[in-house]
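Working notes, structure below.
The values are calculated or read from the model by the stated rules, or taken from the named source; none is laboratory data. On a predicted model such as this, the values are computed, not experimentally measured, just so you know. So basically every Cβ, Gly included, is an ideal-geometry build from the backbone, and we count neighbours across all protein chains shown. The area values use the complete protein model at the heavy-atom level, side chains included, leaving out ligands, DNA and RNA. Shrake-Rupley method; radii C 1.70, N 1.55, O 1.52, S 1.80 Å.
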Amino acid sequence: MGVSRREFLTRVGQAGGFGATFLTMQGMGLLGAPRVAAAEPLRIAPGEGNGHKVVVLGGGIAGLVAAYELRQAGFACTVLEARERPGGRNYTVRGGDKVVLEGFDTQTCGFDQGNYQNVGPARLPSIHSTILGYCRKFGVELQVEVNTSRSSMLQNDAVNDGKPMVQREVINDTRGHVSELLMKCVSSGSLDQEMSGEDKQRMLAFLRYYGPLDEAGKYTGSDRAGYSKPAGAGDDAGVLSKPIDMHTLLAEDFWQGILFEEAFDMQATMMQPVGGMDRIPFAFAKELGDIVRYSSPVSEIRKTASGVRVSYKQNGSTRTIEADYCICALPLTQLKKIPNDFSAPYKRVVEQCTYAHAYKVAWESRRFWEQDYNIYGGLEFVTTGCSPIWFPSAGIFSPRGVLVSGYTDERSTPFGKLSMQAKFEESRKSIERLHPGHGKELEKPLYMGWGYSPFNEGSWIQSYAPGEERAPGAAMSRTSGIAHPAAAKTGTNSGYETLIQPDGPIYFAGDHVSHLVGWQEGAALSSLRAVQMIADRTRAAKLATPHLAAAAQA
């Protein structure tokens, strides 16, 4: 029985992932070059905000973007930030910095001078044109962030006697075996009813190259998978690695490691600011100057007849600020604690939402991954234990560096219940699984648990209400209901739909008010949307009131 072209491509995707499907479509001539659309520029005339005041709650990326664009449009603006630094979750830790977490002793970072760890966001996809645009505008120097390395390892206790396997072998041997199976399918004629003779020949030619396969259509290994003995000079042609059998590749779950870089927002080229991710919020802070008030946690939010009144703490006393509008860029976990008079639907979202508790464990070490394993940046994966392992892209060839061993959600997991010392030991074990003997080289551990971080108490939104789950990168369509595979559900999300609309004079911003959960791009885009909505509202009010319109023109 024949299958349609669509069904054939679906089977390719199931077997070999997005990358296999993408290249198969290219081989069949079905796919053109994609383009990434940039965010639409704001439609705000210069000075359009004159005479209006906005208070921005939170000095993370969302709040900083909002304040910058509001000021550019002529709005008077004040940012209230609870911490003594800008950035929120955009947080870079260096030697001498103190990391304060609720329920744990304060940690003092001991990294060598020049070393650092981005304990929050640590990469910038090239498709995130908005946040990259601000880097360009403010002169934030960027460098390539190596998000993947074919020399890195995958490990599963139930496969290969628990010994780690090199990614280039697993990935390319999988491609080879899948290509061989697909060639048998095409050659057997099962697609003749749905594929033209020309398509069939093009597909066979493609599979021979993609596999790569020999003239008999068999996969017998490839230099793409590497060498057991590297080639040298003269007649030393080297010895190819023996292919991993398909049974082993299918026996356990290696797909997370194989397909990680295929996700739309994980594909090369990735970038990072030179010297640390916090170069971005500090660049905003330099532009904004004293309109950002640090060490000023919000204590109350109230609507007034003319706008909004916000109370905050500063230097031990309570102060208030009144404005026409408010952009609330605080995590919803913090709004649970702040007295407010939000309307009932907004209160419901705040009370019912849940956040993930992502953590990172960072270590300083001799760069054994570069010096002994030819790994320069990228991630490794273990099936049990702290995963992934994340190697630094900065400081390549320097003697020492900072790696991460463990970056995931620890909420409701055994790891989340461990003491800090026990967390460090579990983290060290993952390095031992992948690189035996090198766990003892790990020094100066640093734990960052966002679920315990004051003024956050969570890393990114997980659900807006029971049954309304979201995940980082879960781009849900409001019309089709089609969601990213990471999303736990499809269809409409009433909590999200509530937050993207203003509650009177209060507008919400942050990555939780975007389809790019967990990304700085989502935070920035949500703020641009909020600023545009406020500008549209002030413009409409002026046009509706003739004397105000005349005053604005004057």
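In a residue-by-residue description of region 108-118, the property of being of a type outside the set (A, V, I, L, M, F, W, C), touching a Phe, Trp or Tyr at 6+ places or on another chain (Cβ under 8 Å) and either open to solvent by less than 40 Å² (accessible area, probe 1.4 Å) or touching a residue at least 24 places away in the same chain (Cβ under 8 Å) (or both) applies to at least one position. Looking at the structure I just gave you, is Pro86 closer than 30 Å to Phe282 by Cα and at pLDDT below 95? No, not satisfied. Of the candidates Tyr346, Tyr312, the single residue that is surrounded by 17 or more Cβ atoms within 10 Å (Cβ to Cβ) and within 18 Å of Gly60 (Cα to Cα) is Tyr312.
Residue check: Pro436 meets all listed conditions (1) open to solvent by 60 Å² or more (accessible area, probe 1.4 Å); (2) in contact (Cβ under 8 Å) with a residue 12 or more places away in the chain; (3) over 17 Å from Thr148 (Cα atoms) but one, namely (2).
With respect to the conditions (1) open to solvent by 60 Å² or more (accessible area, probe 1.4 Å); (2) out of contact with any Lys or Arg (no Cβ under 7 Å at 6 or more places or on another chain); (3) of a type in the set (Val, Ile, Thr), Val239 lacks only one, and its number is (2).
The strands (runs of 3 or more DSSP E) found entirely in region 378-476 that carry 1 or more residues being among the charged types (D, E, K, R) are 378-382, 400-409, 443-449. Whether a residue is surrounded by fewer than 23 Cβ atoms within 10 Å (Cβ to Cβ), hydroxyl-bearing (Ser, Thr, Tyr) and more than 30 Å from Val159 (Cα to Cα) was assessed, and Ser365 does not pass this test. When restricted to residues that are closer than 27 Å to Gly226 by Cβ, open to solvent by less than 20 Å² (accessible area, probe 1.4 Å) and not polar (S, T, N, Q), region 169-202 contains 6.
Given the criteria closer than 26 Å to His52 by Cα, of a type in the set (A, V, I, L, M) and out of contact with any helix residue (DSSP H, G or I) (no Cβ under 9 Å at 6 or more places or on another chain), does Val308 qualify? So Val308 fits the description; yes.
Per-residue answers, yes or no, for (1) closer than 30 Å to Ala329 by Cα; (2) not in a loop (DSSP other than H, G, I, E, B):
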position: Glu84; (1), (2): yes, no
position: Gly114; (1), (2): no, no
position: Ser151; (1), (2): no, no
position: Leu181; (1), (2): no, yes
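Among the residues making up region 119-137, those that are assigned to a helix (DSSP H, G or I) and open to solvent by less than 40 Å² (accessible area, probe 1.4 Å) are Thr130, Ile131, Leu132, Gly133, Tyr134, Cys135.
Report whether or not Glu410 is within 30 Å of Glu457 (Cβ to Cβ) and in contact with a helix residue (DSSP H, G or I) (Cβ under 8 Å, 6 or more places away or on another chain). Yes; evaluated as a whole, the condition is true for this residue.
Among the criteria (1) touching a residue at least 40 places away in the same chain (Cβ under 8 Å); (2) surrounded by fewer than 23 Cβ atoms within 10 Å (Cβ to Cβ); (3) among the charged types (D, E, K, R), the one Glu425 does not fulfil is (1). Residues of region 294-309 being open to solvent by less than 80 Å² (accessible area, probe 1.4 Å) and either modelled with pLDDT under 95 or not aromatic (Phe, Trp, Tyr) (or both), which ones? Hits for region 294-309 are Ser295, Ser296, Pro297, Val298, Ser299, Glu300, Ile301, Arg302, Lys303, Thr304, Gly307, Val308.
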